[in-house]
Amino acid sequence: MADETADCVIVGGGPAGLTAAIYLARFRRSVVLYDAGASRAALIPESHNYPGFAGIAGPALLMRLREQAERYGADLRHGEVGRLVRPDGVFEATVDGTTVRARAAVIATGIVDDSPDLPALQALVKAARVRYCPICDAYEATDRSIGVVGPVRRAVAKALFLRTFSRAVTVLPLDAGRLPAAEAEDAAAAGLAIAPGPVRDLVPAGDGIVATAADGSRRAVDVLYPAMGAQARSDLALALGADATDGGCLTADGKQRTSVPMLFAAGDVTTDLHQISVATGHAAIAATAIHNALARNFR
């Protein structure tokens with residue numbers, strides 16, 4: 001496609017980007033998708049709240065979506081888009097010196113979770129002992145001992161949400177800060193345990209995790225949730241002048257259009273509700289809007 005202009009270039013190979021590619025390919029549009037291999041969905045050991053599946057691992061879902069997109073003719077490529085510009089009303093996406101031109105673009109780059117600087121955390125993530133999304137999977141932690149690690153105020157807020165699923169919820173502060181009186185009252189009324197802070201290390205212990213504080217005290221939990229926040233991967237769109245919230249999430253209208261003409265956004269990069277079903281819904285809306293906005297492709 002070196003000398004051609006595609007109908008759409010999609011940046012991001014997670015559920016949002018792949019769903020947009022499926023829709024556009026089925027609309028008989030030429031679509032190029034770049035996947036840097038950094039989809040947050042790939043970290044999901046098994047999702048039980050994605051409609052239609054009793055349980056499916058994130059990598060398996062991504063594989064199915066890729067196969068479906070390619071079946072309909074989407075051009076899926078591996079690589080990270082380092083530059084996205086629109087010099088003459090047509091987008092140019094550059095990856096490792098190769099540039100693809102497209103009439104429309106979709107930003108589906110998602111978010112990256114902030115992680116505490118604790119030595120064993122990444123190993124615990126890979127062992128599926130750390131969970132990031134209580135909306136997705138707190139049901140599976142019902143009646144287990146749950147730990148929430150992070151700055152104390154953020155951790156308490158997440159722990160209150162998790163209290164729906166278990167009486168045994170412990171806040172593991174990364175700081176030695178104090179809660180405002182009203183928040184401390186809410187935590188006490190909910191029966192939250194707040195361990196001494198700050199937590200200095202996390203280690204696997206049997207099927208659970210042990211958190212060690214600076215004073216040497218230890219707390220064991222079955223399941224761990226970080227409460228650190230996340231950063232939207234919105235730099236490419238921001239460089240084009242797209243509007244965003246103070247937190248960096250791209251602003252999109254009801255058709256997933258950004259403030260830049262023919263630039264669309266879908267999935268976690270646009271919303272605080274980080275759910276696969278939300279991402280795929282955004283993608284369906286964006287792809288349909290793109291198809292209707294482009295010149296007719298009668299055959």
| task | Would you mind counting up the charge near Val221? Only other residues with Cβ under 12 Å from its Cβ, with Lys and Arg at +1 and Asp and Glu at -1. | result | +3
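Sorted by packing (mean other beta-carbon atoms within 10 Å per residue), highest first, where do 153-159, 13-19 land?
Numbers: 153-159: 21.6, 13-19: 29.6.
Going from most to least packed, we get 13-19, 153-159.
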| field | Inter-part distance where segment 225-248 and segment 86-147 are each reduced to a Cα centre, Å | value | 12
| Helix 15-26 sits at what angle to the longest principal axis of the chain, using alpha carbons and giving 0 to 90 degrees rounded to 10? | 20
| task | Return the calculated 222 nm mean residue ellipticity for the chain, to the nearest 500 deg cm²/dmol, obtained by summing -39500 (n - 2.57) across DSSP H runs with n ≥ 4 and dividing by the residue count. | result | -8000 deg cm²/dmol
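Pulled fully out, how much extra length does the chain show between Asp96 and Val210, if you take 0.36 nm times their separation in residues and subtract their Cα-Cα distance? Write down the numbers at each step before the final one.
On the way: separation 114, 0.36 × 114 = 41.04 nm, distance 4.34 nm.
So the extension gain works out to 36.7 nm.
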| request: Please work through the chain and write down the cysteines that have no neighbouring cysteine Cβ at a distance under 4.7 Å. | output: Cys8, Cys249
| query | What is the percent of Cα-Cα separations in segment 135-221 that go past 17 Å? | reply | 45
| query | When the Cα centres of segment 1-38 and segment 155-209 are compared, how far apart do they sit, in Å? | reply | 42
| Among (i) 1.12; (ii) 0.99; (iii) 0.95, which one is Cα Rg over 2.2 N^0.38 Å computed from these coordinates? | (i)
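Between rounded, prolate and oblate, where does segment 1-50 land on the alpha carbon gyration tensor, with a ≥ b ≥ c its root eigenvalues, rounded for a/c under 1.5, else prolate if a/b exceeds b/c? Provide the component values of the computation, followed by the final result.
Numbers: a/c = 4.93, a/b = 1.94, b/c = 2.54.
It is oblate, given that a/c is not under 1.5 and a/b is not larger than b/c.
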| In degrees between 0 and 90, to the nearest 10, how far off the longest principal axis of the chain does helix 276-293 point, with axes built from Cα atoms? | 20
| Which of Arg167, Arg129, Arg28 is most accessible, then next, and so on - probe 1.4 Å | Arg167, Arg28, Arg129
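The values are calculated or read from the model by the stated rules, or taken from the named source; none is laboratory data. Values in this document were obtained by computation on a predicted structure and should not be read as measured data. Positions of Cβ are generated from backbone atoms using ideal geometry, with glycine treated the same way; all protein chains shown enter the neighbour counts. Remember, those area values only see protein heavy atoms, side chains included, never the ligands or the DNA or RNA. Shrake-Rupley method; radii C 1.70, N 1.55, O 1.52, S 1.80 Å.
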